[in-house]
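K.L.:
Dumping the structure here so I can ask a few things about it.
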Amino acid sequence: MEEKIKYITISELAEMLSVSTATIFKLQREGGDLPPCVWIGPRLKRFNLAKVQAWLDAREKDCAAAPLALYVGKQGGRPPLQRKQRKKKTKADWVRERTQGLVDQIARDGV
């Protein structure tokens, strides 16, 4: 008899990993390491339970083989996921840019 493939939702995956669904979505968005998923519809995805178990087993073996320092961002480990930081220009930045432009113009024109 053919064994039926069991698929789980993102919520079930999050519960299985003891993380929030927001963490799962963040890892997907930022290219984090997750088990492969199957798209059921344009906005609906599921995870094959057997592949999730295999992914967890592989992660367990990796963790046992490597020192803990590799997984907490120390030398040689994976870099931590970081968001891009955008610095908002302050009034001082605008004044500095404008002043530098005027100084360059005066130097160029020889006024």
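K.L.:
Regarding A107, is this residue farther than 23 Å from Q28 by Cα, at pLDDT 80 or above and of a type in the set (A, V, I, L, M)?
P.N.:
Considered against the rule, which asks whether it is farther than 23 Å from Q28 by Cα, at pLDDT 80 or above and of a type in the set (A, V, I, L, M), A107 comes out as yes.
K.L.:
Of the numbered conditions (1) of a type in the set (V, I, T); (2) surrounded by 11 or more Cβ atoms within 10 Å (Cβ to Cβ); (3) at pLDDT below 85, V72 satisfies every one except a single condition; which is it?
P.N.:
That leaves (2) as the condition not met.
K.L.:
Given the conditions (1) out of contact with any helix residue (DSSP H, G or I) (no Cβ under 9 Å at 6 or more places or on another chain); (2) modelled with pLDDT of 85 or more; (3) not acidic (D, E); (4) not in a helix (DSSP H, G or I), which single one is not true for A50?
P.N.:
The failed condition is (4).
K.L.:
Let me ask you something else. If V19 satisfies every condition in (1) modelled with pLDDT under 80; (2) assigned to a loop (DSSP other than H, G, I, E, B); (3) surrounded by 11 or more Cβ atoms within 10 Å (Cβ to Cβ) but one, which is the exception?
P.N.:
Just one mismatch for V19, condition (1).
K.L.:
May I ask you to list pairs of residues, at least six apart or on different chains, whose Cβ atoms are under 8 Å apart, with the first in the stretch 14-43 being over 20 Å from A58 (Cβ atoms) and the second being part of a helix (DSSP H, G or I)?
P.N.:
S20/A14; T21/I10; T21/S11; T21/A14; F25/I10
K.L.:
Oh, and also: Among the numbered criteria (1) closer than 29 Å to I10 by Cβ; (2) modelled with pLDDT of 85 or more, which single criterion is violated by V95?
P.N.:
Every condition holds for V95 apart from (1).
The values are calculated or read from the model by the stated rules, or taken from the named source; none is laboratory data. Just so we're clear, the structure is a prediction, and the values are computed from it rather than from any experiment. Glycine gets a Cβ as well: all are built from the backbone with ideal geometry, and neighbour counts include every protein chain shown.
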